[in-house]
1. I'd like to verify a number: residues in the range 139-158 that are within 9 Å of TYR66 (Cα to Cα), open to solvent by 10 Å² or more (accessible area, probe 1.4 Å) and among the hydrophobic types (A, V, I, L, M, F, W, C), how many?
2. Picking from ALA81, ALA44, ALA118, ALA136, which residue would you name as being in contact with a Leu (Cβ under 7 Å, 6 or more places away or on another chain) and either closer than 30 Å to ALA28 by Cβ or of a type in the set (Gly, Ala, Ser) (or both)?
3. Restricting attention to the range 80-101, does a residue exist that is buried (at least 20 other Cβ atoms within 10 Å of the Cβ), outside any loop (DSSP other than H, G, I, E, B), touching a strand residue (DSSP E or B) at 6+ places or on another chain (Cβ under 8 Å) and touching a residue at least 60 places away in the same chain (Cβ under 8 Å)?
4. Go through (1) within 22 Å of ALA82 (Cα to Cα); (2) at pLDDT below 95 and name the single condition ARG274 misses.
5. Wholly within the range 1-76, which strands (runs of 3 or more DSSP E) include no fewer than the required count, namely at least 2 residues that are over 25 Å from VAL216 (Cα atoms)?
6. Testing ALA166 on (1) of a type in the set (A, V, I, L, M); (2) under 30 Å from GLY25 (Cβ atoms); (3) without any contact (Cβ under 8 Å) to a residue 40 or more places away in the chain, one condition comes back false. Which one is that?
7. With the structure loaded, tell me whether VAL201 is modelled with pLDDT under 95 and within 22 Å of the chain's Cα centre (by Cα) or whether it fails that test.
8. So VAL51 ticks every box in (1) surrounded by fewer than 18 Cβ atoms within 10 Å (Cβ to Cβ); (2) at pLDDT 95 or above but one. Which box is left unticked?
Amino acid sequence: MNSRTKRRLSDAELDALARRALGAGVTASTELTDGFANAVWRLALDDGREVVLKLSPPPELEQLSYERNLLRMEAEAYGLAAAAGIPVPTLLGAVFDDPVLGGDHLLFGALDGVSWNAVKPTEEDSLRRELGRHLARLHTVTGDVFGYPYAGITGATWREAYLAMAGALLADVDRYPTPLPLPAAEIGAVLTAAAPVLDEVVTPRLVHFDVWAGNVFLDLTATPRIQAIIDHERAFWGDPLAEFVTPTVFGDLREDDPLLAGYREVAPLELTRRPTSGSISIGRTCT
């Protein structure tokens, strides 16, 4: 998806939306084009506030199955994460099925920090340790069902939900032909055969599943610290071990990673080391 498939709003529409939702007009707007799913603007308001608007895609846009109603999951995740002590932007408003524009939109207080992806702080190890603590706290948040409830892809058990989630992606290959290493049916069979191990996970836990550096904002005004973790739109209820995919993207999760040390300051975490390297192959955080 690129910016041409995102929702377009005129200056007048942005102003009207802000007045309806926040009681203030827009004096300046900047579209933030880094994301792929939703249209995003940073808005300066005539009462002095700066906010971020997230607007769902046009209703006719084809999306992956799990991408339905992303902003509804994000709104829920922000509230739950904030209650658990995770630094997140302030959610100022959430409107679903907007009667004027259609679709969903969220409004947040704008951040004044910088994306971790844009800088190389000297205290990177301490920041990764701090991130580990935040992720451990996030995983204390539990739910009632596994999977993506707002996309209708769920299960009463993690095995059931995981197979439904993977099955939905494989079915999407039929709608959006994509090269795979094996036919979709063979991949599904492999996953089904291995799925009994997933029964070790018995509690749905909140998993952000997109904690790469671009979704972590830093405050660099003094000792660097994490200002906020953003973009919870792809969160799901499942196994917290899945969380370690994106903080280690393009690399291995190693036992000496400060991320793990920080996590263990808050919650137990046992992992199994590969015999031939320091990287980690499998483990269990909590059930």
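1. Total meeting the criteria: 1.
2. The unique qualifying residue is ALA81.
3. Within the range 80-101, the subset buried (at least 20 other Cβ atoms within 10 Å of the Cβ) is 81, 86, 88-89.
If we keep only those that are outside any loop (DSSP other than H, G, I, E, B) too, we end up with 81.
Going one step further and asking which of them are touching a strand residue (DSSP E or B) at 6+ places or on another chain (Cβ under 8 Å), we end up with 81.
From the residues that got through so far, the ones that are touching a residue at least 60 places away in the same chain (Cβ under 8 Å) too are 81.
Yes, the range 80-101 contains a residue that is buried (at least 20 other Cβ atoms within 10 Å of the Cβ), outside any loop (DSSP other than H, G, I, E, B), touching a strand residue (DSSP E or B) at 6+ places or on another chain (Cβ under 8 Å) and touching a residue at least 60 places away in the same chain (Cβ under 8 Å).
4. Against the list (1) within 22 Å of ALA82 (Cα to Cα); (2) at pLDDT below 95, ARG274 comes up short only on (1).
5. Numbers: elements: 26-32, 39-45, 50-55.
Where strands (runs of 3 or more DSSP E) fall fully within the range 1-76 and carry at least 2 residues being over 25 Å from VAL216 (Cα atoms), they are 26-32.
6. The number of the failed condition is (2).
7. On the way: modelled with pLDDT under 95: no; within 22 Å of the chain's Cα centre (by Cα): yes.
The answer is no for VAL201.
8. (1)
The values are calculated or read from the model by the stated rules, or taken from the named source; none is laboratory data. This structure is a prediction, so every number in the text was calculated from the model and none was measured. Virtual Cβ from ideal backbone geometry, glycine too; neighbours counted across all protein chains shown. To get the accessible areas, we keep the full protein, side chains included, count just its heavy atoms, and leave off ligands, DNA and RNA. Shrake-Rupley method; radii C 1.70, N 1.55, O 1.52, S 1.80 Å.
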